[in-house]
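The values are calculated or read from the model by the stated rules, or taken from the named source; none is laboratory data. All figures in this text were calculated on a predicted structure; none of them were measured in a lab. All Cβ positions, glycine included, derive from the backbone under ideal geometry; neighbour counts span all protein chains shown. For the accessible areas, the whole protein counts, side chains as well, though only heavy atoms, and no ligand, DNA or RNA atoms are used. Shrake-Rupley method; radii C 1.70, N 1.55, O 1.52, S 1.80 Å.
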Amino acid sequence: MKTILRPLIEIDAKKEFLAGTKLFKLIKGKMHKEYYEYTLVRLTWEVDYMMLIRKIDKKSNVAEYGIIPEVLKSGKSIINKSSFRKSLGNSLSGWFLVV
């Protein structure tokens, strides 16, 4: 099965991201390009916040980014593009959503 990546910056601002969402980050070196695979997971100690964990190998992951939720006028906390911008930077350059 072919993996389709869409730049995170192009995703609709209102889209909500749920636990289990897959993202890739492009890492560019002088001689090569590499993609790191991340999964959005819910924190066990904080209901509203999530974390991006990076897959190291088949058996292990490492937590790398805490994702700050967006609080809607209704009071509901969600993870959306604004949440990723707060945590990963405004440009979201090099970040891709698996579609």
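List of remarks:
- Electrostatic bookkeeping for Ile79 treats Lys and Arg as +1 and Asp and Glu as -1; over the other residues with beta carbon under 15 Å from its beta carbon, the sum is +3.
- With every protein chain in place and a 1.4 angstrom probe, the accessible-area ranking of Leu5, Leu18, largest first, reads Leu18, Leu5.
- Extension reserve of the Val71-Val99 stretch, reckoned as 0.36 nm per residue once the Cα distance is removed: 7.6 nm
- Only one residue of Val41, Ile27, Phe84 has its Cα farthest out toward the positive end of the dipole of the chain, where Lys and Arg carry +1 and Asp and Glu -1 on Cβ, and that residue is Ile27.
- Each residue, Glu37 and Lys55, gets one label point 7 Å from its Cα in the Cβ direction; the gap between the two is 0.1 nm.
- The slack in the chain from Arg6 to Ile27, taken as 0.36 nm per residue of separation less the alpha-carbon distance, amounts to 6.0 nm.
- Label-zone membership for segment 53-83, site Lys14, 7 angstrom Cα→C-beta point, backbone N under 16 Å: 72-74, 78-82
- The chain, accessible surface, carbon-and-sulfur percent (1.4 angstrom probe): 54 percent
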